[in-house]
Structures are given as structure tokens and as C-alpha cells.
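Undergrad: This is the structure I want to talk about, given as C-alpha cells.
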Amino acid sequence: MQSGYYRIQREQKSVRNPAEQWALVIDESITIGSEKILLVLGLELSTWQFTKSLSVEDVRVLAVETSKGWSSEMISQRLTDVGRTHNIRYVISDGGINLKCALRLSSLVHVPDCSHVAANALARQYTKHEGYISLSKSAGALRRKWYLSKNVVYMPPVQRSKSRFQNIFPTIEWALTIVQEWERIPIEVRAELLFVKKNEALVVEMFEQITVVNSLLKILKVKGLQPKPRSK
């Protein structure tokens, strides 16, 4: 109650400098029953120093609403409503088609979310890779087979069907652990995990790439990105 409607009402009633520029963070995804939520968060740019990643305390809830579907026109209208009381400099979002189209309709600058950009780059590289497809399917099947069994300690982590490449690290980290601990794993368990051992080279390759990507994201989420290098 204190984080939704109450915060929106407080924000709408607050007095602000009309020249103050805002960055918005928008998303449309989580479902309540048959309806999806559109959330618009706002960040006062004059107060932001790019010294850490964003947290809930740094942003204000500017809009939150549910609908059976969110077309680009509907999202654009909500952004227009927010723009009547907030000077919008740019908007951060994932690569959802309806979100990107809404920003074009509203003539707003779109800054892609770096986590999704990195995940999409990994997806383009591995989505059709036969080794990764085999590894992913076999891990999912093994998890279903071993659920609540005595082999649960070796069980693969949950793989999300949506945004899988944003959450791929636990699966690859699990596979690397299996490879590294192979000789200490019971022989009868190894027989079920042969698909991991056969893809050892791929697992090591992906682990190295994901480690580099995560290190880069830690920098981008704190320091941001700009076209010209900044002197110290």
C-alpha cells in the first residue's frame, strides 16, 4: 500500500522544478491474473552521480497500471501523461517491440537496458548452437527426473523460459562445477551427466564469455556509457 498507489499520489502532489530533467525506467511484463502491469519509474538526473547501481530508494513510482494488453499507442499515452508533469530526458527499457514503438511515437530518446543487450548478444551466438541446445534440453530433463531424488545435490538449476540468456550464468556455472568435480562424482551419477562432460569445451567457452560480460555490466550499471572518453 505504501509502495504503489500511495507513492504515485504523493509524487503527483509534490512541488518540483519544471526544468528538472528526468530519466524514466519502464517495463511491461509481470502478470496479475489475466492482466499485465506497466510500471514507470523516474530518476531525478540532478541528484544522480553515477557512483553506484540504481536501487528502489533512488527512483520514484510515476505510474503503475494493469491492462489485458499494452499496445504501443497505450504506452505512448501513459508516457505523454507523465510528460505533462515531468521533463523527460530519456527512457530506459528492454527491447520489447511495443515499448520501443511507444518511445518512437512519443519522440523520446531510448537507452537500451545493458543487461538485455548483453543477453541478446549471447542469444544470437548460442540460440541455434547444437551443443548449447543439447546441453540446455538435457539439463532441463535431468532436473525433472532428479527432482526430490537422492541426486538432488547434483541437480541443474531452474532455467527460465523467458529471458533465458539473462539468467544463463547459474546453468553454465553448474555445468562447469560438474566438469571440475567429475572424478569425485559417483560413477552411477556420472552416467546421467555424460552430456555435460561431452560439452566441456563449450561450457568453458561460455563461462569465460559470461564472466567477461558480467564484469562489463558491473561497470556500465555504475558508470554508464558515453560516446567520448572522460578524463579522470
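Since every read-out is calculated from the coordinates, none of them should be taken as a lab result. Note that the structure is a prediction, hence the values are computed from the model and not measured. Glycine also receives a Cβ, built like all others from the backbone with ideal geometry; neighbour counts cover every protein chain displayed.
Undergrad: Please compute the length gained on full extension between Glu173 and Val152, using 0.36 nm multiplied by the number of residues separating them and subtracting their Cα-Cα distance.
TA: Working it through step by step, the gained length comes to 5.9 nm.
Undergrad: While we're looking at this one, here's another question. What share of Cα pairs, in percent, lie more than 14 angstrom apart in the range 91-145?
TA: 66 percent
Undergrad: Can you bin the range 84-123 into rounded, prolate or oblate? Criterion: square roots of the alpha carbon gyration tensor eigenvalues sorted a ≥ b ≥ c, rounded for a/c under 1.5, prolate for a/b above b/c, oblate for the rest.
TA: Prolate, since a/c reaches 1.5 and a/b exceeds b/c.
Undergrad: Using the Cα centre of the range 119-220 as the reference point, and only Cβ charges (+1 on K/R, -1 on D/E), how large is the resulting charge dipole? Debye, rounded to the nearest 20.
TA: Using only the charged Cβ atoms, the result is roughly 500 debye.
Undergrad: Based on C-alpha coordinates, I'd like the Rg and Dmax of the chain, in Å.
TA: 22.0, 69
Undergrad: What FRET efficiency comes out for Gln77 versus Asn17 if R0 is 22 angstrom and r is the Cβ-Cβ distance? Round to the nearest 0.05.
TA: Step by step, r from the Cβ atoms, then E = 0.30.
Undergrad: Okay, moving on. Hey, with R₀ at 30 Å, roughly what FRET efficiency would Val64 and Cys101 work out to, going by the Cβ-Cβ distance, to 0.05?
TA: Step by step, r from the Cβ atoms, then E = 0.90.
Undergrad: Next question, about the same structure. Pairs of alpha-carbon atoms within less than 8 angstrom and 6+ residues apart define the contacts here; what relative contact order does the chain have, in percent?
TA: 17 percent
Undergrad: Just how large is the dipole of the chain about the Cα centre, in debye to the nearest 20, putting +1 at every Lys and Arg Cβ and -1 at every Asp and Glu Cβ?
TA: 180 debye
Undergrad: At a 10 Å Cβ-Cβ cut-off, how would you order Thr177, Thr171, Thr31, fewest neighbours first?
TA: Going from least to most buried by this count: Thr31, Thr177, Thr171.
Undergrad: Which value in deg cm²/dmol, rounded to the nearest 500, describes the helix-derived mean residue ellipticity at 222 nm for the chain, given -39,500 (n - 2.57) per DSSP H run of n ≥ 4 and division by the residue count?
TA: -14000 deg cm²/dmol
Undergrad: Related question: If you restrict to DSSP beta bridges whose two residues both lie in the range 1-149, what percentage is antiparallel, to the nearest 5?
TA: Within the range 1-149, antiparallel bridges account for around 65 percent of the total.
Undergrad: Right, here's the next one. Structure shown: which of Lys36/Lys221; Lys52/Lys100; Lys36/Lys228; Lys100/Lys137; Lys100/Lys218; Lys198/Lys223 lie over 29 Å apart, alpha-carbon to alpha-carbon?
TA: Checking Cα-Cα distances, Lys36/Lys228; Lys100/Lys137; Lys198/Lys223 exceed 29 Å.
Undergrad: Something else: Report, to the nearest 10°, how far helix 130-146 tilts away from the longest principal axis of the Cα atoms in the chain, using its own Cα long axis and a range of 0 to 90°.
TA: On a 0 to 90 degree scale, this one is about 80.
Undergrad: Now for a separate question. Give the calculated FRET efficiency between Arg184 and Thr127 to the nearest 0.05, with a Förster radius of 41 Å applied to their Cβ-Cβ distance.
TA: Taking R0 as 41 Å, the efficiency between Arg184 and Thr127 is 0.80.
Undergrad: Suppose a student asked you for the relative contact order of the range 119-220, using Cα pairs under 8 Å spaced at least 6 residues apart; what percent would you report?
TA: Relative contact order here is 27 percent.
Undergrad: Calculate I(q)/I(0) for the range 95-227 by the Debye formula, one identical point scatterer on each C-alpha and no solvent, and give its log10 at q = 0.09, 0.12 Å⁻¹ to two decimals.
TA: -0.35, -0.57
Undergrad: Mind jotting down the three principal axis lengths of the range 5-112 based on Cα atoms? Whole angstrom, largest first.
TA: Answer, in whole Å and largest first: 37, 29, 28 Å.
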